[in-house]
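Derivation of every value follows stated rules applied to the coordinates shown; laboratory data play no part. Keep in mind the model is a prediction, meaning the values are calculated, not measured. Here the Cβ is made from the backbone with ideal geometry for all residues, glycine too, and neighbour counts use every protein chain on show.
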Amino acid sequence: MPEGIKMGIAGKLYYGIAGAEGTTEVKCRDLSYTIGATRGEVNSRGSIFELSKVAMIKIGLEFELNNDVDNVVLTALKAAAIAGTPVAFRTKDYASGWGIDGDFNIEMAKAEPLQGAQTVRITAEPDAGDGTHIVWFH
C-alpha cells in the first residue's frame, strides 16, 4: 500500500466540554464526517440555466460506540444528548493530520441487535451558541 494512504484506525476523535478544546480521546468504532456547501438560488430572468452560489458550509460528525456502561465519555454524551447540552469535538484523520474542532449539538440512537454488541450512534451538528466556532485545521 502506498505510504500516503491512511487507514481508518489512524483517525482520532476527542471530546470535551463546550467552549473548550476536546482533549479526551473517544474510543469509537466508526467515525465519519461530512463537509459540503449550502447553496442559495441566484436565478434571474433571461437565463435558461439554474444558478446558485455557495451561501454557507455545512458540517456534521457521526460515530458509533459500543454500549459500555463503564465508558465515562459515553455516559457524558448520553447526558448531553438528553439535556440538549452542546459538547466539544475535535477530529484528526491521523496523528498530525487534518480535522474539525468546535462545539456540537448531538443526537443519540441506540441499537440492540439480536446478534452482536449493543451500540450507540452519535450524530453531531454545529452549535450556534457562544462556544467555540467550528474550524478546519491542520
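Details
- MRE, 222 nm, helices only [DSSP H, n ≥ 4, -39500 (n - 2.57), over the chain, to nearest 500]: -2500 deg cm²/dmol
- 3J(HN,Hα) along the range 115-121, derived from phi through the Karplus expression 6.51 cos²θ - 1.76 cosθ + 1.60 where θ = phi - 60°, amounts to 10, x, 6, 5, 10, 10, 9 Hz, with x in place of Gly and Pro.
- Partner lysines whose Cα lies under 21 Å from the Cα of Lys78, excluding those fewer than 8 positions away in the same chain, are identified as Lys12, Lys27, Lys110.
- According to the calculation over all Cα-Cα pairs in the range 1-83, the P(r) per 10 Å bin from zero is 13, 30, 24, 17, 12, 3, 0 %.
- Evaluated over the Cα positions of the range 9-137, the convex hull gives a direction-averaged projected area, one quarter of its surface, of 11.0 nm².
- Relative contact order for the chain: 27 percent, from Cα pairs under 8 Å spaced at least 6 residues apart, divided by residue count.
- Whole-Hz ³J(HN,Hα) from phi, Karplus 6.51 cos²θ - 1.76 cosθ + 1.60, for the range 26-32, glycine and proline x: 9, 8, 9, 7, 10, 9, 8
- A straight chain from Ile57 to Ala76 at 0.36 nm per residue would run longer than the Cα-Cα distance by 4.0 nm.
- Here Thr85 and Glu125 are evaluated by their C-beta separation; at R0 = 22 Å the FRET efficiency comes out at 0.95.
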